[in-house]
Every structure is written in C-alpha cells, then in structure tokens.
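> Would you mind keeping the following structure in view while I ask a few things?
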Amino acid sequence: MANPEAPEPVGDEVRPAEAKPAAIQLKSLELESDHGLMKDCAEKFGWKNVGDPCPEPEWTPKLQVPVSHTMDQNVEIRLHLAKSAAAATPAIRGDGPLGMAFPAQTQASPRRVSRVDLASDRRLEKKSRDLSSGSPRGACA
C-alpha cells in the first residue's frame, strides 16, 4: 500500500504529496458589526418592531437568524471553532457576496483555540440588496 505522505514522482522530478487540510468544526458564528436591531426571530409578529431581539450567536448548526448591517461599513465576523481545530487552522479566510473577501484578523492558536476574527476587505455598498441564499425571510445588506 502506498504511503499518502510519500513524495510522488512527476516525470524526472519527485514532488512531495500535498497535505490534505484537516477538518475544522464550526461551533458558531457571530456578526460583531451588525447593529443588533433585528427582532422577532421566532416569527410571531412579522416585520413589526416588536418581540425580543434576535439571539447571538447569529449562526449555530441548530439555529440561524437574520441579521441587519449598516451600509458603508465593514463587516466583522467572529468564528467559534471546536477546540481540536487550533492545530488545523494555519490560515482561515472567508469569501462573501459580490466578491467581498474576509481575511483573518486573528488565528486560532493553542492559547486562544476557539476564536478566529475576520473582517471584510471593504465596506458594504450603499445599496440595499437581498443577500439571502434561499432564506424565507431574506437578508439585506
């Protein structure tokens, strides 16, 4: 049986095999820069200004809630990872809508194993857009 970490011959050259990225488990995602004005995520009252504020974090494997964000501002995201992910996260980055990128501001480390902060490389447009991907309530930026 071949060793998956052994160098691979390519013509006359021998190149090392590429390491497969380790699995990273995302526990939750918080939008640190949202303005926190969304209410009634339980959908009891519709689009009225009543009800409890939507919970934080805004995304977990079991619950995802809509967010609202101020236009012409950068987006700041905090990821909470499973503690086992620290060694497997040399560089985390994100790709957002409309070509927006989210380079990491902090990386997971043995001292801060569960948190990675990301920030958008540019501000949101000064234009309302539905950025949902099939969400029944939609999301606007």
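Each value in this text was obtained by applying a stated rule to the coordinates, not by laboratory testing. These numbers come from a predicted model, not from an experiment. Neighbour counts are summed over all protein chains in view; Cβ atoms, including those assigned to glycine, are modelled from backbone coordinates with ideal geometry.
> For residue 25 and residue 106, calculate 0.36 nm times their separation in residues minus their Cα-Cα distance, and state this gained length in nm to one decimal.
Additional length available on full extension: 27.4 nm.
> Which ordering of 130, 121, 34 is given by a fewest-first count of other beta-carbon atoms within 10 Å?
Exposure proxy ranking, most exposed first: 130, 121, 34.
> Can you flag which of 27/126; 62/127; 39/127; 39/62; 48/127 are past 25 Å Cα-Cα?
Pairs exceeding 25 Å: 27/126; 62/127.
> Give the long-range amide H neighbours of residue 73: residues separated by 5 or more places, or on another chain, with amide H under 5 Å away, using H modelled in the peptide plane at 1.01 Å from N.
124
> Okay, moving on. Please list the non-local residues whose amide H lies under 5 Å from the amide H of residue 106, H modeled 1.01 Å from N, same-chain partners needing a gap of 5 or more.
117
> Which whole-Hz ³J(HN,Hα) couplings does region 40-48 yield from phi under the Karplus relation 6.51 cos²θ - 1.76 cosθ + 1.60, θ = phi - 60°, glycine and proline marked x?
Using θ = phi - 60°, the values come out as 6, 5, 7, 6, 8, 10, x, 8, 9 Hz.
> Can you give the FRET efficiency for residue 52 and residue 91, using 1/(1 + (r/R0)^6), R0 = 41 Å, r = Cβ-Cβ distance, to the nearest 0.05?
So, using R0 = 41 Å, E works out to roughly 0.65.
> Let me ask something additional. So how much slack lies between residue 32 and residue 121, counting 0.36 nm per residue of separation and subtracting their Cα-Cα distance, in nm?
Gain in length upon complete extension: 30.5 nm.
> Where nothing but the Cβ of Lys and Arg (+1) and of Asp and Glu (-1) is charged, how large is the charge dipole of region 41-87 around its Cα centre, in debye to the nearest 20?
220 debye
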